[in-house]
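The values are calculated or read from the model by the stated rules, or taken from the named source; none is laboratory data. A quick note: this is a predicted structure, and the numbers were derived from the prediction, not measured. Neighbour counts are summed over all protein chains in view; Cβ atoms, including those assigned to glycine, are modelled from backbone coordinates with ideal geometry. We work out accessible area using only protein heavy atoms, side chains counted, and drop any ligands, DNA or RNA first. Shrake-Rupley method; radii C 1.70, N 1.55, O 1.52, S 1.80 Å.
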Amino acid sequence: MKKETQIISVGRDKKWTKGVVNPPVFRASTMIFDTMEEMKFATKNRAKGEMFYGRRGGPTHFAFQAAIAELEGGVGTALYPSGSAAIGGALLSFLTSGDHLLMVDSAYEPTRDLCNKLLAGFGIETTYYDPMIGAGISELIRPNTKVLFLESPGSITMEIQDVPTLANIAHQHQLIVMLDNTWASPINSRPFDMGVDISIQAATKYIVGHSDVMMGTATANEAHWEQLRENSYLMGQCTSPDDVYLANRGLRTLGIRIQQHEKNALKVANWLQSRPEVDHIRHPAFDTCPGHEFFKRDFTASNGLFSFVLKEGDLTAITAFVENMQHFKMGFSWGGFESLILGVFGIDRLRTATQWDSSKPLIRLHVGLEDPDDLIADLNAGFERYNQALS
């Protein structure tokens, strides 16, 4: 079955949909049982989709969980109130005091803060590693290393990791391999085929697709699903059925939206590449992006999110560029229908295993569903302001 067809059909078992096209909103906290035998059965089978208690979810949740698990290729999916909660929930489900974590140096900033501020307080030590380390990861593995965490492409700087090589070495040492797979969405890579044990999504981004819901998912393979599910439940992680409904609805148009985001972004990126002010493009589909060869091997498509690096510029020039845009708006998220722009400063302060040349400013774009010619005109006007500020 092609992905475009699979997106439409997954998670639509009549057990959850009750015969309607889109699984409806099923709100519930307390389930009522007529007999002790019914309650006993629900308790025994609560992990298998039997209605038990609202925190375990209901038909709206079960349909969406089944859809994400099937799309990503895992056994089960846990739901969380944000992508950051999914990352934290997954890590805390498997790490305990005295454990050692290997975290990619290009991780999402809140992930780094979680390691440095919360996990450190729990007695969990983190070592950051170069996203391009490849087989060299073996030199960083200790007897107490428990988890190898990947994010590919990396946050902001977009390095693509050699996931199969890293996962293979990690498994030789009995490590759990986790991947922040948000950029690929559930359809542009096959994390479990590459050796990942737990694939994490900020469903806030492309799955929901409309910038109006916060949600995270963590999908596990058979070996790790039960522990992820039960420990996430113990931490009280759950999501609103109304939000899950919107995520389920957004999922159905994911394929066609991603195609248009990719098409628009490639046109904008190619135009940017021709600009004399641009040093290089950090888009996985471009050979100027570190790990481009892994993108060609491991991904089926790209999307609307990428960065580009300027040859020069200061705070005044970058401010002139990003302010007063007509279509690109400043915002910290991405994955919605709208275009976003960020002038990113201080990357060097968020890297400890690698170095970043902060003398060359980086701008991150999320290219939305507007006409790309209008977006290019918007950026062209931004370059005029930028050049004027530099002169």
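Sort through Gly313, Gly250, Gly336 and tell me the only one that's on the phi > 0 side of the Ramachandran plot and outside any strand (DSSP E or B).
Values: Gly250 fails: on the phi > 0 side of the Ramachandran plot; Gly336 fails: on the phi > 0 side of the Ramachandran plot.
Testing whether each residue is on the phi > 0 side of the Ramachandran plot and outside any strand (DSSP E or B) leaves just Gly313.
Residue count for the range 54-103, restricted to those that are farther than 15 Å from Asp180 by Cβ, open to solvent by 10 Å² or more (accessible area, probe 1.4 Å) and among the hydroxyl-bearing types (Ser, Thr, Tyr): 2.
Ile187 fulfils the conditions (1) aliphatic (A, V, I, L, M); (2) surrounded by fewer than 24 Cβ atoms within 10 Å (Cβ to Cβ); (3) not in a loop (DSSP other than H, G, I, E, B) except for a single criterion, (3). Report yes if some residue within the range 266-279 is touching a strand residue (DSSP E or B) at 6+ places or on another chain (Cβ under 9 Å), without any contact (Cβ under 8 Å) to a residue 60 or more places away in the chain and in a loop (DSSP other than H, G, I, E, B); otherwise report no. Scanning the range 266-279 turns up no residue that is touching a strand residue (DSSP E or B) at 6+ places or on another chain (Cβ under 9 Å), without any contact (Cβ under 8 Å) to a residue 60 or more places away in the chain and in a loop (DSSP other than H, G, I, E, B).
On the basis of being at pLDDT 95 or above, part of a strand (DSSP E or B) and either open to solvent by 20 Å² or more (accessible area, probe 1.4 Å) or among the aromatic types (Phe, Trp, Tyr) (or both), does Phe306 make the cut? Break it down into steps so the answer makes sense when it comes.
Numbers: at pLDDT 95 or above: yes; part of a strand (DSSP E or B): yes; either open to solvent by 20 Å² or more (accessible area, probe 1.4 Å) or among the aromatic types (Phe, Trp, Tyr) (or both): yes.
It is true that Phe306 is at pLDDT 95 or above, part of a strand (DSSP E or B) and either open to solvent by 20 Å² or more (accessible area, probe 1.4 Å) or among the aromatic types (Phe, Trp, Tyr) (or both).
If you check Gly336, Gly331, Gly255 for being over 25 Å from Ser189 (Cβ atoms), open to solvent by less than 40 Å² (accessible area, probe 1.4 Å) and either of a type in the set (Lys, Arg) or out of contact with any Phe, Trp or Tyr (no Cβ under 8 Å at 6 or more places or on another chain) (or both), only one passes: Gly331.
Do you know which residues across the range 151-179 are part of a strand (DSSP E or B) and over 18 Å from Thr300 (Cβ atoms)? Give the steps one after another, and end with the answer.
If we filter the range 151-179 for residues that are part of a strand (DSSP E or B), which is where we start, we get 151, 176-179.
Of everything in the range 151-179, those that are part of a strand (DSSP E or B) and over 18 Å from Thr300 (Cβ atoms) turn out to be Glu151, Ile176, Val177, Met178.
Figure legend. Inter-residue proximity from the range 148-159: first residues buried (at least 24 other Cβ atoms within 10 Å of the Cβ), second residues of a type in the set (D, E, K, R), beta-carbon distance below 6 Å, spacing 6+ or different chains. Indicated pairs: Glu151/Asp180; Met158/Arg282.
Pairing each residue of the range 231-244 that is within 14 Å of Thr204 (Cα to Cα) with any residue that is open to solvent by less than 40 Å² (accessible area, probe 1.4 Å) and in a loop (DSSP other than H, G, I, E, B), provided the two are 6+ apart or on different chains, yields C-beta distances under 6 Å for Thr239/Met215; Asp243/Val213; Asp243/Met215.
Restricted to the range 1-107, the set of helices (runs of 4 or more DSSP H) holding at least 1 residues that are of a type in the set (A, V, I, L, M, F, W, C) and within 18 Å of Thr239 (Cα to Cα) comprises 14-17, 59-72, 83-94.
Do we find a residue being assigned to a loop (DSSP other than H, G, I, E, B) and either surrounded by 15 or more Cβ atoms within 10 Å (Cβ to Cβ) or in contact with a Ser or Thr (Cβ under 6 Å, 6 or more places away or on another chain) (or both) anywhere in the range 369-378? So far as the range 369-378 goes, yes, one or more of its residues are assigned to a loop (DSSP other than H, G, I, E, B) and either surrounded by 15 or more Cβ atoms within 10 Å (Cβ to Cβ) or in contact with a Ser or Thr (Cβ under 6 Å, 6 or more places away or on another chain) (or both).
Checking the structure you have, find out if any residue of the range 325-334 is over 30 Å from Val213 (Cβ atoms) and at pLDDT 95 or above. Working first, answer last.
Of the residues in the range 325-334, the ones over 30 Å from Val213 (Cβ atoms) are none.
No, the conditions are met nowhere in the range 325-334.
Can you name the residue in the range 225-237 that is in a helix (DSSP H, G or I) and out of contact with any strand residue (DSSP E or B) (no Cβ under 6 Å at 6 or more places or on another chain) and is also most open to solvent (accessible area, probe 1.4 Å) among such residues? Among residues in the range 225-237 that are in a helix (DSSP H, G or I) and out of contact with any strand residue (DSSP E or B) (no Cβ under 6 Å at 6 or more places or on another chain), the one most open to solvent (accessible area, probe 1.4 Å) is Leu234. Among the residues of the range 339-351, those identified as more than 21 Å from Ala184 (Cβ to Cβ) and either part of a strand (DSSP E or B) or of a type in the set (A, V, I, L, M) (or both) are Ile341, Gly343, Val344, Ile347, Leu350. For the range 123-147, a residue qualifies if it is loosely packed, with under 13 Cβ neighbours inside 10 Å, in contact (Cβ under 8 Å) with a residue 24 or more places away in the chain and not in a loop (DSSP other than H, G, I, E, B), and exactly one does: Ala135. Counting only residues that are closer than 14 Å to Leu251 by Cα and buried (at least 17 other Cβ atoms within 10 Å of the Cβ), the range 15-29 holds 1 of them. Considering Val213, Val196, the condition of being open to solvent by less than 30 Å² (accessible area, probe 1.4 Å), in contact with an Asp or Glu (Cβ under 8 Å, 6 or more places away or on another chain) and either in a loop (DSSP other than H, G, I, E, B) or more than 17 Å from Leu71 (Cβ to Cβ) (or both) is satisfied by Val213 alone.
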